[in-house]
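Before any comments, here is the structure.
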Amino acid sequence: MDKTINQKAWFLVLPVFLVVAFSAVLPLMTVVNYSMQDTFGNNQFFWNGVGWFKELLDPTTDLGGRFLASLWRNLFFSAVILAIEVPLGIVVALSMPRQGFSVAVCLVILALPLLIPWNVVGTIWQIFGRPDIGLLGYVLNSLGLNYNYVSNDLDAWATVIVMDVWHWTSLVALLCYAGLKSIPDAYYQAAQIDGASRWAVFKAIQLPKMNRVLLIAVLLRFMDSFMIYTEPFVVTGGGPGNSTTFVSIELVKIALGQFDLGKAAALSLVYNLIIIIVCWIFYTVMTNAGVERRVVVDKKGVK
Amino acid sequence: MARIDLVDLAHSYGGNAAAPESFALKPVTMTWRQGGAYALLGPSGCGKTTLLNLISGIVTPSRGKILFDGVDITPLSTQKRNIAQVFQFPVIYDTMTVGQNLAFPLKNRGVPKGEIDARVAQIARLLDLAPDLNRKATRLTADAKQKISLGRGLVRSDVAAVLFDEPLTVIDPELKWQLRSKLKALHRDLDLTMIYVTHDQTEALTFADTVVVMHDGRVVQSGTPAELFEKPAHTFVGYFIGSPGMNIVPAQVRGREARIDGHTIALTRSYDALPPGARIEVGVRPEFVDVALPAPDLLSANIERVDDLGRIRFARVRVGDAKFSARVPPGFSVQGESAGLKFDPSHVHVYADSLLVEGAA
C-alpha cells in the first residue's frame, strides 16, 4: 500500500516536545548538572564528579548520615500509617451502609478530609494539638497526660501519624467500599447457604474481591506518605530536633536552608530514583495480577 | 431430606399492604414429597425465583408458612434451614482450591475432617472434578466453575432440599445436555429433594418428575410432563409447553359440539354447564390436528407455510382470523393454499376464561 510521505507532520509534535523539554527535561538536566558540582554562591561552580553521591550513601559523612536517617524515618512512617490506614479503611468500608440515604451522607463525610488543602490540614492539627489553646492538647494535659508535640519526640510522631490517618483513611475506605459494592449479591447468598460465618465471608469473599483496590490503595498511600512534606512541616517543622524530619523536609533544608545546591540535587535524584523503582515494582505486581485473570478469560474465549 | 409444605404462601416486594394483584407470588398451597425432582417452570418475572428464594430463606414471605416435615421454618434464617442452593451464575471462592470450595459448606458446619474428605471425593467423582481437586478454582472455565457450584450444593447429605436457580444458563448447549443428565443421575444416587427453576421447558421436562408451571405469580398447573402435554389445565400451559404450542381459538361450545369459524367439530365429552358470560376457547395440540385435502366435512384453512422439523412437519395455517398449527401427515404433499383440518376429538379441550373445563362423560 502506498503511504503518503509528509514530513511536515513532525511540526505537530513540536509543541508537545517543547513543553515537555521546558517543563521536565531541562529542569531535570539542570538538577543533574548541579548534582555534579559545588557552589559557594555568587554563581560560582566547582566540579565535584560523583562526590556528592558517594557522600550521600556513606552514613559516616554529615550528608549521608542525615539522608539515611531521614530515609529510615520516612520508611518507618510509611509502614506505620499503612499498618493503621489499610485495616482501618477496610473496617470503615465494611461497616458502611449498602443502600439508602445514609450512603450519600457517609460518602460526603468520608470525602471531607480529602478535600482540605494539605497545609490547612497541617494548620488544623497544629492548633488542635497545642497545649495552651488547642482542644486536643488542652484536654490531654488536663487529663494529666504531659502532651506536647513541640518538645517530645513521641508526641510529635503520634500527632503526625494521627493527622495522616485522619486525612487519608477515607481514601482507603472509599476504594474498599467501591470494591465491596462490585461483589454480586449471589456471593453473599451462597455464603449464607454454605453456612459461612461473618469472618469466613470476609476471608473467602470480601478480601479476595478487594485485593485489586487494596493494591491501588497501598500504592497510593505509600507514594504519598513517602513524599510527605507539607503537613509535618506545618505542624512540627521536622522537630523536635530532627525527629520528624522526613526526606522531603531534609531536602528542602539542604536546598533552601543551606543553599547547598549540589548536595540537594544529588539527594533529589536518589530520592526520585527510589520512587520510580517502587512505582515500577507496584506496577509490575499489579499488571501481573491482571494478566493471570486475562489468561483465564482467553481460555474461555477459545472454548 | 424432608417433605416440604407451602401453606398459603405469598410474597410482595412492596410489603403485605400492596394490592393483591401486584404480589410477585400469589397465595399458593402445595406439598412436595421427600426425594422428588421438581421443576418450577415459567417465563421471566413469573415468580419462580421468588418462590425459590422464599424456600431458601433469602426472602422472607409477606404471608403464609413453609413447613419442612411438618415443622414451621418460616422464621428461621437461611443458615438454620438446612438448604442448599445453586445460583444462575457460578459462585466460587477465589482463594480456595476446587477441593476447598467443595468442602466449604461442610467445614462451616464443623463436620469431622475424615467425613468431609470422603464426601468431597464422592461428589468430585460424580461431577468429574476429581482431577482438578487441588487446582485453584479461579483458573477454571465458566463450565467448570458452575460444576463446582453444583458440587457445593450437593455435598451435604443432610439437606432438606437442593434448590437450583437456572443453573445451566452460563453453560454451552452441548455441555448443558450432559450436565442435565448428570443431575438426573445424581438425583437418583443421592436421594435428595431437588427443586429446579428454569424457563426452558426442555430442561424442566427432562429433569423433573413433577413440573410446576407458573404464570404471573400463580401456580397454574403442577403435574407430570405427560399430564402437562396431554391435558393443560390453563391455556398458558398449553402454549408455553410444546413446540409449537397449543392452538387456542375462540369457539361456541354447546353439548358435544364446538363451532369454530362456522364449522362444527365433534367433542368426546359433553359441556352443558359452562359458566355463563365466560370467554370460551377450544384448545388442541398441533400434534392432534392433521392437514388434509379440503373437504366439506373438514374445517377449511389457508396454509401459510410448512416447517419441516425433520421427524415431523407442521403447517402454519390461518382459519378465519386465527392462526393455527397442524401436523402434516407423513406422505401428504401440500398442494395449493387451501386445506382441511382433521381433529382428533379426544384431544380437543375446552377452556372457560383460560381454565380447563372438565366435560361430563
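We did not get these values from a lab; they are worked out from the coordinates using the rules stated. None of the values given here were measured: they were computed from a predicted structure. All Cβ positions, even for glycine, are placed from backbone atoms using ideal geometry, and neighbour counts span all protein chains on display.
Before moving on, here are some points about what is shown:
- A simple charge model with +1 on the Cβ of Lys and Arg, -1 on the Cβ of Asp and Glu and nothing else charged puts the dipole of the protein assembly as shown at about 760 debye relative to its Cα centre.
- For q = 0.11 Å⁻¹, Debye-computed log10 I/I(0) when each Cα of region B:1-127 counts as one equal scatterer: -0.50
- By the helix-only formula, in which each DSSP H run with n ≥ 4 contributes -39500 (n - 2.57) and the sum is divided by residues, the protein assembly as shown has a 222 nm mean residue ellipticity of -14500 deg cm²/dmol.
- Residue (of A:149, B:121, B:71) at the positive-pole extreme of the protein assembly as shown, dipole from beta-carbon charges: B:121
- Residue exposure sequence - B:290, A:132 - by fewest surrounding Cβ within 10 Å: A:132, B:290
- Acute angle (nearest 10 degrees) that the helix B:142-154 long axis makes with the longest principal axis of chain B, alpha-carbon atoms: 80 degrees
- Pairs from the list B:65/B:323; B:48/B:342; B:113/B:184; B:48/B:147 with a Cα-Cα gap above 32 Å: B:65/B:323; B:48/B:342.
- If you count Lys pairs in chain A whose Cα atoms are under 21 Å apart, skipping same-chain pairs closer than 8 places in sequence, the total is 6.
- Summing Lys and Arg as +1 and Asp and Glu as -1 over all other residues whose Cβ lies under 14 Å from the Cβ of residue B:35 gives a net charge of -1.
- Toward the positive end of the charge dipole of region B:151-203, with +1 on the Cβ of Lys and Arg and -1 on the Cβ of Asp and Glu, the farthest Cα among B:177, B:202, B:154 is that of B:154.
- Ranking of B:97, B:49, A:30 by neighbouring Cβ atoms within 10 Å, starting from the fewest: A:30, B:97, B:49.
- With coordinates expressed along the principal axes, the C-alpha atoms belonging to region B:301-361 extend over 39, 26, 18 Å, beginning with the largest.
- Built amide H within the under 5 Å cut-off of residue A:37, gap 5+: A:48
- In a simple Cβ point-charge model (Lys, Arg +1; Asp, Glu -1; nothing else charged), chain B has a dipole of about 1020 debye relative to its Cα centre.
- Three-way shape call for region A:229-286 based on the alpha-carbon gyration tensor, with the a/c threshold at 1.5: oblate
- Whole-Hz ³J(HN,Hα) from phi, Karplus 6.51 cos²θ - 1.76 cosθ + 1.60, for region A:220-225, glycine and proline x: 4, 5, 5, 4, 4, 6
- Structural size metrics of region A:131-206, computed from C-alpha coordinates, are Rg and Dmax of 20.9, 58 Å.
- Charges were assigned to the Cβ only: +1 to each Lys and Arg, -1 to each Asp and Glu. The resulting dipole of chain A about its Cα centre is roughly 1280 debye.
- Footprinting exposure proxy for B:145, A:3, B:231 (fewest neighbouring C-beta atoms within 10 Å first): A:3, B:231, B:145
- The smallest convex shape that holds all Cα atoms of chain B, its convex hull, gives 165 Å³ per residue.
- Across region A:268-276, computed HN-Hα scalar couplings (Karplus, 6.51 cos²θ - 1.76 cosθ + 1.60, θ = phi - 60°) run 5, 5, 5, 4, 4, 4, 4, 5, 4 Hz from first to last residue, x flagging Gly and Pro.
- Residue (of B:315, B:43, B:23) at the positive-pole extreme of the protein assembly as shown, dipole from beta-carbon charges: B:315
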